[in-house]
Amino acid sequence: MTIEDIILQHSQRGMDVLKAHLAPDFCSAAAKKLFALERKNILLTTGFYVAGYAETDGPPGTFYFAMALRKLGFSPVILTDSFCEGFFDGDTIPVVYLESGFDCEAILEKYDPIALVSIERCGENIQGDYANMRGVSIAEHTADIDKLFDLALEKGIYTVGVGDGGNEIGMGNLKDVIATELSLVPCKTEVTDLVIATISNWGAYGLTAELSLLSGENLFAPYDEIYAYIEEIVDKGSVDGVKKEHIPTVDGYVPEVEKSLIEQVNDYINTNLTK
């Protein structure tokens, strides 16, 4: 089973449909490009507004992906907005809280990033709005970090988008397919490489797995550690994005599904490291 097969398990929102429109190795190929980059700053963004809070999908994947990047010698910086305040230890990984209208040029000039990676972050759709999975506008609660990806792409900076629904940064790569085959209003923001998964966290875990194989060591974490992190951000206000409740689950999936997936990712890493 490939890492792409693992992270697309239990698909319920059409990501299995989108898979046919991407290269079979879409996740491992993106990881190889990241691994080959000069060890400089990488800007990461996450945080999806749901019913007054940031959802549990996005921050865990971003945190553990950032920790993997640090072990590889990169300098990750997390860009988000106030709904994710306290989700990340700023002493370990720098965190920048942004509001709409921020100066994109200034951010790129300050950090001079070698890459930008978005993990479950809403982007402007083809109708000029920021909308949740139900089509409800969340524009007033969403800093326009997607504009930074537009500028980076123009400047030739490598960008990756990880998404699971159609309204996230990066889904602009398949906007026509999403509009016709999934009958959704897609995000228009494009990236160099798109990574899709049943849950965006899982896409980030897939990238971490492939970086592990490239580095020769397991850069991921066990389920108990990740679950404890999810519990921690729920205590700080995060909600399950589907259930809209302060519970330590992601996108409505029971913890047993999350546990199985994370164990499969670790098994995939450990098995392939010994080959």
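The values are calculated or read from the model by the stated rules, or taken from the named source; none is laboratory data. As the structure is a computational prediction, the values presented were derived from the model and not from experiment. Cβ sites come from the backbone with ideal geometry, for glycine too, and all protein chains shown count toward neighbours.
The residue that is nearest to the chain's Cα centre (by Cα), among those in the range 105-137 that are in contact (Cβ under 8 Å) with a residue 40 or more places away in the chain, in a loop (DSSP other than H, G, I, E, B) and surrounded by 17 or more Cβ atoms within 10 Å (Cβ to Cβ), is GLU120. Would you tally the residues in the range 80-96 being out of contact with any Gly (no Cβ under 9 Å at 6 or more places or on another chain) and surrounded by 15 or more Cβ atoms within 10 Å (Cβ to Cβ)? Matching residues across the range 80-96 total 5.
Looking across the range 261-275, the residues that are crowded, with 16+ Cβ neighbours inside 10 Å and not aliphatic (A, V, I, L, M) come down to GLN264, ASN266, TYR268. Return the total of residues in the range 14-55 being assigned to a helix (DSSP H, G or I) and either among the hydrophobic types (A, V, I, L, M, F, W, C) or over 22 Å from ILE3 (Cα atoms) (or both). Qualifying residue count, the range 14-55: 10. Among the residues of the range 60-77, which ones are of a type outside the set (Lys, Arg), within 14 Å of THR208 (Cα to Cα) and not in a loop (DSSP other than H, G, I, E, B)? Passing the criteria: PRO60, GLY61, THR62, PHE63, TYR64, PHE65, ALA66, MET67, ALA68, LEU69, PRO76.
Checked against the criteria, SER183 does not count as among the polar types (S, T, N, Q) and in contact (Cβ under 8 Å) with a residue 12 or more places away in the chain.
Number of residues in the range 7-55 that are out of contact with any Gly (no Cβ under 7 Å at 6 or more places or on another chain), under 17 Å from ILE196 (Cα atoms) and in contact (Cβ under 8 Å) with a residue 12 or more places away in the chain equals 24. Kindly indicate whether any position in the range 180-201 is modelled with pLDDT of 95 or more and at positive phi. So far as the range 180-201 goes, no, none of its residues is modelled with pLDDT of 95 or more and at positive phi.
In the range 32-40, is there at least one residue being within 21 Å of GLU210 (Cα to Cα), touching a strand residue (DSSP E or B) at 6+ places or on another chain (Cβ under 6 Å) and surrounded by 16 or more Cβ atoms within 10 Å (Cβ to Cβ)? There is no residue in the range 32-40 that is within 21 Å of GLU210 (Cα to Cα), touching a strand residue (DSSP E or B) at 6+ places or on another chain (Cβ under 6 Å) and surrounded by 16 or more Cβ atoms within 10 Å (Cβ to Cβ). Scanning the range 256-275 for residues that are in a helix (DSSP H, G or I) and either touching a strand residue (DSSP E or B) at 6+ places or on another chain (Cβ under 8 Å) or over 15 Å from TYR205 (Cβ atoms) (or both) yields a total of 4.
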